[in-house]
Amino acid sequence: MTSNQVPPASTGELPPDAPRGLMARFRNYFLTGLVVAGPVAITLYLTWWFVNWVDNLVRPFVPTAYRPETYLPFGLPGSGLIVAVIALTLLGFLTANLIGRTLVDLGERLLGRIPAVRAIYRGLKQVFETLFSGNGSSFRRVGLVEFPSPGMWSIVLISQAPSAELAASLPGAEEHISVFLPCAPNPTTGFFFYVPKSKIIEIEMSTEDAATLIMSAGVVQPGGTADQKRAAALAGMANAARIASQASASPASLQPVTQPAPAKVE
């Protein structure tokens with residue numbers, strides 16, 4: 001090409017990386033919006049579902065003259081929830097009095113005479129008293145248990161020790177404790193079993209953080225890197241102690257010993 005020739009003009013096409021950069025930014029913006037709007041939308045939906053469920057449950061017990069939709073052209077969401085809260089508060093106030101306690105005791109004795117209803121009522125009463133009592137200690141601690149196989153560790157919620165009758169039936173002289181192992185991603189289902197106290201590694205984690213970790217299947221790691229390393233170190237120490245105890249349990253006399261060959265006499 002001579003000096004008088006003009007270089008060809010640019011076609012104006014973008015470099016091949018520009019479309020990919022545009023799609024990457026679009027994807028990042030979309031995922032950011034999804035992360036922001038997703039939890040809010042799900043929370044509002046669950047709240048709306050709960051309010052409507054309580055309204056449908058309480059509305060048949062409210063007279064028609066006291067319903068808001070009788071005087072308004074539309075229904076008033078949450079009216080049943082307000083009635084339920086007031087009714088439960090009034091019931092608790094009446095139960096705290098002498099007359100209320102007497103009526104509750106009379107009702108419990110009446111239910112205690114029905115065989116099938118008695119077992120259901122007593123079980124549900126113990127569960128509600130344990131979960132909603134202010135001084136209860138159930139599911140306040142989180143631990144690690146070697147499950148489902150050696151070397152694999154699962155998060156469990158530590159409950160209470162078994163009763164004296166049940167503890168006497170458990171094998172061994174070591175103290176046992178009841179634990180609940182939630183399943184991912186639904187922590188309301190899981191396994192309940194008794195574990196020797198020495199087999200549980202208690203960790204400094206709240207039950208809310210444990211539920212978040214289980215529901216996210218390990219994607220959301222609460223507590224920071226330091227707590228994760230501490231839990232991993234405790235699990236490693238327990239695994240090493242288990243291997244050492246198994247090695248010490250096997251007697252050394254069972255191992256074959258190679259005898260030196262006798263010296264050959266000339």
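The values are calculated or read from the model by the stated rules, or taken from the named source; none is laboratory data. Given the structure is predicted, the values throughout are model-derived calculations rather than measurements. When we count neighbours, we look across all protein chains shown, and the Cβ atoms used for this are built from the backbone with ideal geometry, even at glycine. Each accessible area value is taken on the protein alone, full model and side chains, heavy atoms only, with ligands, DNA and RNA left out. Shrake-Rupley method; radii C 1.70, N 1.55, O 1.52, S 1.80 Å.
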Quiz item: Could you count how many residues in the stretch 169-194 are at pLDDT below 85 and aliphatic (A, V, I, L, M)?
Solution: 2
Quiz item: Which residues, counting only those in the stretch 80-104, are over 25 Å from Val54 (Cα atoms) and either among the aromatic types (Phe, Trp, Tyr) or open to solvent by 70 Å² or more (accessible area, probe 1.4 Å) (or both)?
Solution: Leu98, Ile99, Arg101, Thr102, Leu103
Practice problem: Please specify each residue of the stretch 155-179 satisfying the condition of being open to solvent by less than 40 Å² (accessible area, probe 1.4 Å) and closer than 30 Å to Ser216 by Cβ. | Solution: Ile155, Val156, Leu157, Ile158, Ser159, Ile177, Ser178, Val179
Exercise. Considering every residue within the stretch 2-22, establish whether at least one is part of a helix (DSSP H, G or I), at pLDDT 80 or above and hydrophobic (A, V, I, L, M, F, W, C).
Key: yes
Quiz item: Going through the stretch 42-69 one residue at a time, which ones are open to solvent by 60 Å² or more (accessible area, probe 1.4 Å) and either more than 19 Å from Ile86 (Cβ to Cβ) or among the basic types (Lys, Arg) (or both)?
Solution: Ile42, Thr43, Leu44, Tyr45, Leu46, Thr47, Trp48, Trp49, Arg59
Quiz item: Can you name the number of the only condition in (1) more than 23 Å from Ser216 (Cβ to Cβ); (2) modelled with pLDDT of 90 or more that Trp49 fails?
Solution: (1)
Quiz item: Here are some conditions: (1) surrounded by 14 or more Cβ atoms within 10 Å (Cβ to Cβ); (2) touching a Pro at 6+ places or on another chain (Cβ under 8 Å); (3) not in a strand (DSSP E or B). Pro187 meets all but one. Which one does it not meet?
Solution: (2)
